[in-house]
Amino acid sequence: MVVGKVTRDGLLELSKKKIYLEGNILKILQAEAGDVEFETYLKDCIVRDVSSRKKRLEVTKQVQQQNKELEVAAANTSKLMEELRVALDESEMLRSQAEQAKDKALDDLDIMQKRTQFELIGTIVRVALFVIIGVGVITSVMYAIAMMAGQDTQIIGSTWSNMFGILLTNAFSIVGTIMGVKYATDNGNSKE
């Protein structure tokens, strides 16, 4: 297809401003016979169009390559996020198990301390009762021997009476102290 003089001159004028035709139109345009200037213009447009298409193709390929890389990176990121979520869930589960184990250990320790306290209290009460009974029996035996021997029992009798009063007072004092310690320990634990 041959263009008119006005169009030809307009296209040549645009080429001075570095604006050239591109695309499939270049395949159908022809210069009039003997119009070397327009023929050169059309060849120059074709060379520029080929070069421009190659650059656009390279950019398209580069963009496609970057898109592929971004898709792979997005898939990796998604996979890492899922692994992180799983790790966080496992960490939370382990923390919960650790807290449960700690609570169980504290409960076991508390039970052991109470058992030890009860055993100690039981031992103290038994020893105190043995001492009280022992002193009472020894004093009673001494008083009985003094009475059978015909000795003066007035001093031993008052001592025996005082001894039983003191032993009875001490027994109640020991039991009261133990019960007070037990009550204070139970109230201290219930406040926690």
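Since every read-out is calculated from the coordinates, none of them should be taken as a lab result. Just so it is clear, the model here is predicted, and its values are computed rather than measured. Note that each Cβ is placed from the backbone with ideal geometry, even for glycine, and that neighbours are counted across all protein chains shown.
If you stretched the chain out fully between Glu82 and Asp9, how much longer would it get, using 0.36 nm times the residue separation minus the C-alpha to C-alpha distance?
Extending this stretch completely gives an extra 19.7 nm.
Put +1 on the Cβ of each Lys and Arg and -1 on the Cβ of each Asp and Glu in the chain; which of Leu94, Asn76, Leu12 then has its Cα farthest toward the positive end of the dipole?
The Cα lying farthest towards the positive end belongs to Leu12.
So how far, in whole Å, is the C-alpha centre of region 25-48 from the one of region 106-141?
A separation of 121 Å, based on Cα centres.
Could you work out how far helix 5-16 tilts from the main Cα principal axis of the chain, as a 0 to 90 degree angle to the nearest 10?
That works out to roughly 50 degrees.
Give the cross-link partners of Lys54 among the aspartates and glutamates, using a straight C-alpha distance below 15 Å as the criterion and excluding same-chain residues fewer than 8 apart.
The qualifying aspartates and glutamates are Glu22.
Of Phe172, Phe38, Phe164, how do they rank once you tally other Cβ atoms within 10 Å and put the fewest first?
Phe172, Phe164, Phe38
Work out how much length Val2 to Phe164 would gain on full extension: take 0.36 nm times their residue separation and subtract the Cα-Cα distance, in nm to one decimal.
Here the answer is 43.9 nm.
How far is helix 154-191 tilted, in degrees, relative to the longest principal axis of the Cα atoms in the chain, given as a value from 0 to 90 rounded to the nearest 10?
The helix 154-191 is inclined about 10 degrees to the chain.
Between helix 36-148 and the chain, what is the angle of the helix's C-alpha long axis to the longest principal axis, kept within 0 to 90° and rounded to the nearest 10?
Taking Cα atoms only, the helix is inclined about 0 degrees.
Check cross-link reach from Lys5 to the lysines: straight Cα distance under 23 Å, and skip same-chain residues fewer than eight apart.
Once the sequence-local lysines are set aside, what remains near Lys5 is Lys16, Lys17, Lys18, Lys27, Lys43.
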